[in-house]
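No lab work stands behind these numbers, since they all come straight from the coordinates. This one's a predicted model, so the numbers in the text were calculated from it and none came from an experiment. With ideal geometry, Cβ positions are generated from the backbone for all residues, glycine too; neighbour counts draw on all protein chains shown.
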Amino acid sequence: MTDNQEPILNKDENVMDQSLFLKLKRWKWWLLVAINIFFLIVGQAAAVLLGRFYYDQGGNSKWMATLVQTAGFPILFIPYFFLRPSEEASTSTNSASIKVIALVYFVLGVLVAGDNMLYSVGLLYLSASTYSLICATQLAFNAVFSYFINSQKFTALILNSVVILSLSAALIAVNDESGGPSGVSKGKFLLGFLCTLGASALYSLLLSLMQLSFQKVIKKETFAVVLEMQIYTSLVATFVSTVGLFASGEWNTLHHEMVSFDSGRASYVLTLVWTAVTWQVCAVGVVGLIFVVSSLFSNVISTLSLAVTPLAALVVFHDKMNGVKIIAMLLALCGFASYIYQNYLDDKKARRLQTHVEETHDVC
């Protein structure tokens, strides 16, 4: 088998699809995966804590909290400038037309804006630790969407993880001591819980749709397309969020927010700026893992970050970690472990199948 040829994998097998990354040396592939994992975990944990800090210090604009989740996309033009392929190299006879790709980016961007809004409402009425534990249910949703959209098999390990994560979320929902920040009523806590749960489901759908877009529409094998998807979907989401900010009238309260921000005006601006930056770092990791591995694996690592965030919130905000929360976090980690082991089995199977195909080709 030459370097430009790819192994033909059985589409019915629960293994990674034909990919450029199967041709990489194993250490290079894992290095690329590790870099994206670092971006995702650090970016997401920092962004959630900064979002909670914004609300704790007097911020109250849900649309502003939504806007900053995508408004930092212009910084991605810096790495994109260096990673952008030449015109000849970027041409692909198999890729869809510009109109189709633009439509895909527009639809995904609108969904991203809606998802971010749900997350903003959830974080407003929940503590950072409770919010993160509920978000862990996205793995269960992703298992379902991956099954129907990405032909991911529903194995015993995945089913086990779905059940465990569902129990984890249920514990948070029925625990009276899991409430949100001080002053949040039970009704608002329930609203925050439902919005976060809905956001987790929509986020999982987005990951599966992004993977499908890479495989069926874009059909390019460069990391530049990862940045392109993030840039253009963020552009659409930022536009939608900006319209929502002005249409809702919340823009009128922003000056008062900045003036009355507990830690000062400079802190208000820096909080929003760094929230925007960390969300973009996280997003590059998310989309990068979708491209390098799969939407399922990306969601697994995102859940690992969500398991780390409650511990960080315990240190930074002194969130309460009662027995129920600790059990819920342990269940979330068990669910994560089931997914990781399943991914390990899939990767091992894919590598073994690739080696077999290469040996068969050499014999022929």
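At 0.36 nm per residue, and after removing the present C-alpha to C-alpha distance, how many nm does the segment from H361 to Q215 gain when stretched out fully?
Working: separation 146, 0.36 × 146 = 52.56 nm, distance 2.51 nm.
Gain in length upon complete extension: 50.1 nm.
How do 131-142, 34-45, 62-73 rank on mean C-beta neighbours within 10 Å, highest first? Display every interim value, and only then the final one.
Details: 131-142: 27.4, 34-45: 19.9, 62-73: 24.0.
Per-residue mean Cβ counts within 10 Å order the peptides as 131-142, 62-73, 34-45.
Which whole-percent values make up P(r) of region 194-233 when all C-alpha to C-alpha distances are grouped in 5 Å steps starting at zero?
Going out from 0 Å in 5 Å bins, region 194-233 shows 6, 22, 24, 22, 12, 9, 5, 1 percent.
Hey, which lysines would be in cross-link range of K28, C-alpha to C-alpha under 21 Å, not counting anything within fewer than 8 residues on its own chain?
K220, K348, K349
Can you give the FRET efficiency for V316 and V107, using 1/(1 + (r/R0)^6), R0 = 35 Å, r = Cβ-Cβ distance, to the nearest 0.05? Can you show the working numbers first?
Details: r = 36 Å, r/R0 = 1.04.
Result of the calculation: an efficiency of 0.45.
Kindly provide the Kirkwood hydrodynamic radius of region 223-276 in Å, to one decimal, from all pairs of distinct alpha carbon atoms.
Numbers: mean 1/r = 0.0762 Å⁻¹.
Taking the inverse mean of 1/r over all distinct Cα pairs, region 223-276 comes out at 13.1 Å.
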